[in-house]
Amino acid sequence: MKQITGGITAAKGFQAAGIEAGIKYQNRKDMAIIYSEKPCVTAGTFTTNKVFAAPVNVVKAAPVKWDRKLLEESPYVQAVIVNTGIANAGTGAEGMKLCEETAKEASRVLGIPENAVLVGSTGVIGAQLPIDRIKAGISRLAE
């Protein structure tokens, strides 16, 4: 395998950014974006764990459900929005709503379809995301 210097943005047409959005901690980068100027063909690999390892898509974390659905139904992806601090796992219907709100905000700010936005979260299980900070973070990331 050949390593390409320059990180994720070494590939033509890709941009990336990270910020401190105050999701859980202060003075720590906790949100990031990867954005492609053009639609991308996308595939996904999803891990399992002892809590969310059910074979049926019943107890999967909201971002896992969101991303699997998007990868099955959307013809392409153009952005990935991720956060750390709160996992958006074990959050029920509200967690899915927050994934949708995240994608809608990215869609609005970036001018791409909301079904072209993958979301990812890691951190504390069972806590709800502070959607106001997530939305504000998306706007800042897009700058």
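The values are calculated or read from the model by the stated rules, or taken from the named source; none is laboratory data. All figures in this text were calculated on a predicted structure; none of them were measured in a lab. Please note: Cβ atoms are built from the backbone with ideal geometry, for glycine as well, and neighbour counts cover all protein chains shown. With ligands, DNA and RNA removed, areas are computed over all heavy atoms of the protein, side chains included. Shrake-Rupley method; radii C 1.70, N 1.55, O 1.52, S 1.80 Å.
Assorted remarks:
- Unmet criterion (only one of (1) more than 16 Å from the chain's Cα centre (by Cα); (2) of a type outside the set (A, V, I, L, M); (3) modelled with pLDDT under 85) for residue 46: (1)
- Number of the exception - residue 96 against (1) crowded, with 18+ Cβ neighbours inside 10 Å; (2) free of Cβ contacts under 8 Å to residues at least 60 places away in the same chain; (3) hydrophobic (A, V, I, L, M, F, W, C); (4) over 26 Å from residue 7 (Cα atoms): (1)
Here's the yes/no breakdown for (1) of a type in the set (Gly, Ala, Ser); (2) surrounded by fewer than 22 Cβ atoms within 10 Å (Cβ to Cβ):
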{"residue": "71", "(1), (2)": "no, yes"}
{"residue": "80", "(1), (2)": "no, yes"}
{"residue": "100", "(1), (2)": "no, yes"}
{"residue": "105", "(1), (2)": "no, yes"}
{"residue": "108", "(1), (2)": "no, yes"}
{"residue": "117", "(1), (2)": "no, no"}
{"residue": "127", "(1), (2)": "yes, yes"}
{"residue": "136", "(1), (2)": "yes, yes"}
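- Tabulated pairs, the range 20-42, first under 14 Å from residue 122 (Cα atoms) and open to solvent by 30 Å² or more (accessible area, probe 1.4 Å), second modelled with pLDDT of 95 or more and assigned to a loop (DSSP other than H, G, I, E, B), C-beta under 8 angstrom, 6+ apart or interchain: 24/30; 29/20
- Residue that is nearest to residue 87 (Cα to Cα), among those in the range 7-19 that are open to solvent by 40 Å² or more (accessible area, probe 1.4 Å) and outside any strand (DSSP E or B): 8
- Consider the range 84-111 and keep the residues that are part of a helix (DSSP H, G or I), among the hydrophobic types (A, V, I, L, M, F, W, C) and over 12 Å from residue 64 (Cα atoms). The one that is modelled with the lowest pLDDT is 93.
- Some residue of the range 125-137 being touching a Phe, Trp or Tyr at 6+ places or on another chain (Cβ under 9 Å), among the aliphatic types (A, V, I, L, M), within 18 Å of residue 45 (Cα to Cα) and not in a helix (DSSP H, G or I): no
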